[in-house]
Amino acid sequence: MKSIKPGRGPSAMGAAGSIFAVIFGIFWTIMAFVITQDSPFPVVGIIFPAFGLLFIGMGIAQAVYHYKNATGKERMSLFDITDSREEGDPLHRHFSSTSSVSEQNTGRFCPYCGEPVEAEYRFCPKCGKSVPSSG
């Protein structure tokens, strides 16, 4: 079955961008502490540095996610079309539903989306494309 995957290049660029977001968050947090340390409003001294800490946390999470997509074999699906023999699709494994058709299946599958198709079906119930006859 074909699945759509994020390209390794865009994922690597996303990881690099996330590192820049972490650096920005560190810079922002330090500057916010310096600027707001003598503020008469204590809430300002908490809110502005917290924004930088939020940037750091999100940047680290995104960097890990994108690095895993850029280097891992099991990637989340988005952009590149790959065959399931090349790379499995972890989203399909976690979120695919088993229907009554798959329980009654005669061993036929749609060549376009991989959905189990009964012998008498001429069209795939999932994608609607014409299914070649088995006879």
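The values are calculated or read from the model by the stated rules, or taken from the named source; none is laboratory data. Given the structure is predicted, the values throughout are model-derived calculations rather than measurements. Heads up, the Cβs are rebuilt from the backbone with ideal geometry, glycines too, and the neighbour counts pull from every protein chain shown. The protein model used for the area step is the full one, side chains on, heavy atoms only, and it has no ligands, DNA or RNA in it. Shrake-Rupley method; radii C 1.70, N 1.55, O 1.52, S 1.80 Å.
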Odd one out for Ser3 among (1) farther than 30 Å from Lys126 by Cα; (2) at pLDDT below 85; (3) of a type in the set (Ser, Thr, Tyr); (4) outside any loop (DSSP other than H, G, I, E, B): (1)
Just need a number here: residues in the stretch 60-70 that are among the hydroxyl-bearing types (Ser, Thr, Tyr) and open to solvent by 100 Å² or more (accessible area, probe 1.4 Å). 1
Residues of the stretch 22-43 classified as of a type in the set (Ser, Thr, Tyr) and modelled with pLDDT of 90 or more, total: 1
For the stretch 28-59, how many residues are assigned to a helix (DSSP H, G or I) and open to solvent by less than 90 Å² (accessible area, probe 1.4 Å)? 16
Residue check, Ser77 assigned to a helix (DSSP H, G or I), surrounded by 13 or more Cβ atoms within 10 Å (Cβ to Cβ), of a type in the set (S, T, N, Q) and modelled with pLDDT under 85: no
Is the stretch 107-126 home to any residue that is modelled with pLDDT of 80 or more, in contact with an Asp or Glu (Cβ under 8 Å, 6 or more places away or on another chain) and of a type in the set (D, E, K, R)? yes
